[in-house]
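The values are calculated or read from the model by the stated rules, or taken from the named source; none is laboratory data. On a predicted model such as this, the values are computed, not experimentally measured, just so you know. Glycine also receives a Cβ, built like all others from the backbone with ideal geometry; neighbour counts cover every protein chain displayed.
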Amino acid sequence: MNVKMLKFFLLFSMFAGTSLFSSTITIAVASNVSYAITSLTKEFNALYPDTKVRITLGSSGKLTAQIKHGAPYHVFMSANMNYPQALYDEGLGISKPVVYAQGGLACLSSKKRNLTECMQLALSTNIDKIAVANPRTAPYGIATAEALKNATIYEKIEKKFVYGESISQTVSYAVTAADMGFIAKSSLYSPHMTKYKKDENWIDVDSKLYTPISQGMILLKDAKENAEAKAFYDFILSNKAKKILRDFGYLVP
């Protein structure tokens, strides 16, 4: 092997090695987890300081569509179990989906109101716009629709709806463009939401009105033989991560 070919071989090996042993993992995360993911990533990096975690936030439906079209995510943290199950059924995952948290709904108003009868408030003539997540793209939108239908007010207030494509957009609408909104309870644990007080600005939606929101996680095919992606997946199921999720208003299995 001449010197020129040797240099080329060494250069190729160097770049190939960099690709094979990349320290960056990419995680697709449902918007409702955006308030907890910073703390989760920080705690993970305390254990794995050399691993860079790249987070992509979005509605579970849109993230699923991206994955089906080849987006190179390693782990998907969905807002329900249906989307990761669909990916697994299509052969895009290397592990069966598991529940990492359960989320709940809250009724929110930027103004102080009597929220003890949230559903009756939604019917009030003083409420012109209600922020809800789009049930076609956001699992919390599905849960909201179910709760309102079980409360027998859905059709009566549907004309008031302002749809957010993700739960984070719905939260934004609830405090800016609408009189009230139905949001993920976890959203209220974000630092910039602490000014909104329970029983004055928000209240839990009766959990008997909707199916519990079991949030699912799956290791995707791009994580095959990627030890760092598997480490992140395992971390989310660990006691340390469960404590963080509890601190952000989730129930954990």
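Would you please name the residue that is surrounded by the most Cβ atoms within 10 Å (Cβ to Cβ), looking only at residues in region 194-243 that are under 16 Å from the mean Cα position of the chain (by Cα) and of a type in the set (Gly, Ala, Ser)?
Here the answer is Gly216.
Of the numbered conditions (1) outside the structural domain of Pro84 (by TED's automatic domain parsing); (2) modelled with pLDDT of 95 or more, Leu220 satisfies every one except a single condition; which is it?
With (1) outside the structural domain of Pro84 (by TED's automatic domain parsing); (2) modelled with pLDDT of 95 or more applied to Leu220, the lone miss is (1).
Among the residues of region 219-249, how many are touching a Ser or Thr at 6+ places or on another chain (Cβ under 6 Å) and outside any helix (DSSP H, G or I)?
First, the residues of region 219-249 that are touching a Ser or Thr at 6+ places or on another chain (Cβ under 6 Å): 219, 228, 244, 248-249.
Okay, now just the ones that are also outside any helix (DSSP H, G or I), so 219, 248-249.
Qualifying residue count, region 219-249: 3.
Can you name the condition, by its number, that Glu155 falls short on among (1) out of contact with any helix residue (DSSP H, G or I) (no Cβ under 7 Å at 6 or more places or on another chain); (2) surrounded by 16 or more Cβ atoms within 10 Å (Cβ to Cβ); (3) modelled with pLDDT of 95 or more?
The failed condition is (2).
So in region 70-87, with the set limited to residues that are of a type in the set (Gly, Ala, Ser) and surrounded by 23 or more Cβ atoms within 10 Å (Cβ to Cβ), which one is modelled with the lowest pLDDT? I'd like the intermediate steps shown before the answer.
Our first condition is that a residue be of a type in the set (Gly, Ala, Ser); within region 70-87, this holds for 70-71, 78-79, 86.
So of that shortlist, the ones also surrounded by 23 or more Cβ atoms within 10 Å (Cβ to Cβ) come out as 78-79.
Details: Ser78: 96, Ala79: 91.
The selected residue is Ala79.
Answer with yes or no whether Thr137 is within 24 Å of Val33 (Cβ to Cβ), of a type in the set (Val, Ile, Thr) and buried (at least 16 other Cβ atoms within 10 Å of the Cβ). Step through it out loud before you land on a result.
On the way: within 24 Å of Val33 (Cβ to Cβ): yes; of a type in the set (Val, Ile, Thr): yes; buried (at least 16 other Cβ atoms within 10 Å of the Cβ): yes.
Yes.
Please go through region 37-67 and give me each residue that is within 24 Å of Tyr140 (Cα to Cα), part of a helix (DSSP H, G or I) and of a type in the set (A, V, I, L, M, F, W, C), ordered by number.
Once the filter is applied, which keeps residues that are within 24 Å of Tyr140 (Cα to Cα), part of a helix (DSSP H, G or I) and of a type in the set (A, V, I, L, M, F, W, C), region 37-67 yields Ile37, Leu40, Leu63, Ala65, Ile67.
Given the criteria modelled with pLDDT under 95, under 19 Å from Ile203 (Cα atoms) and touching a Ser or Thr at 6+ places or on another chain (Cβ under 7 Å), does Gly141 qualify? Reasoning before the result, please.
On the way: modelled with pLDDT under 95: yes; under 19 Å from Ile203 (Cα atoms): yes; touching a Ser or Thr at 6+ places or on another chain (Cβ under 7 Å): no.
For Gly141, the condition - modelled with pLDDT under 95, under 19 Å from Ile203 (Cα atoms) and touching a Ser or Thr at 6+ places or on another chain (Cβ under 7 Å) - is not met.
Just to be sure I understand, how many residues within region 82-103 are of a type outside the set (A, V, I, L, M, F, W, C) and more than 16 Å from the chain's Cα centre (by Cα)?
From region 82-103, those of a type outside the set (A, V, I, L, M, F, W, C) are 82-85, 88-91, 93, 95-97, 100, 102-103; that's our starting set.
Now narrow it down to the ones that are more than 16 Å from the chain's Cα centre (by Cα): 88-91, 93, 95-96.
Within region 82-103, residues that are of a type outside the set (A, V, I, L, M, F, W, C) and more than 16 Å from the chain's Cα centre (by Cα) number 7.
Looking at (1) in contact with a Cys (Cβ under 9 Å, 6 or more places away or on another chain); (2) on the phi > 0 side of the Ramachandran plot, which is the only condition Asp204 fails?
Tallying (1) in contact with a Cys (Cβ under 9 Å, 6 or more places away or on another chain); (2) on the phi > 0 side of the Ramachandran plot, Asp204 fails exactly one: (2).
If we only count helices (runs of 4 or more DSSP H) wholly inside region 68-157, which ones have 1 or more residues that are outside the structural domain of Val33 (by TED's automatic domain parsing)? Before the answer, list the steps.
Numbers: elements: 82-89, 118-123, 139-150, 154-157.
Here the list reads 118-123, 139-150, 154-157.
Among the residues of region 43-51, is there at least one that is touching a residue at least 60 places away in the same chain (Cβ under 8 Å) and under 20 Å from the mean Cα position of the chain (by Cα)? Show your work before the answer.
If we filter region 43-51 for residues that are touching a residue at least 60 places away in the same chain (Cβ under 8 Å), which is where we start, we get 43-44, 47-48, 51.
From the residues that got through so far, the ones that are under 20 Å from the mean Cα position of the chain (by Cα) too are 43-44.
Within region 43-51, one or more residues are touching a residue at least 60 places away in the same chain (Cβ under 8 Å) and under 20 Å from the mean Cα position of the chain (by Cα).
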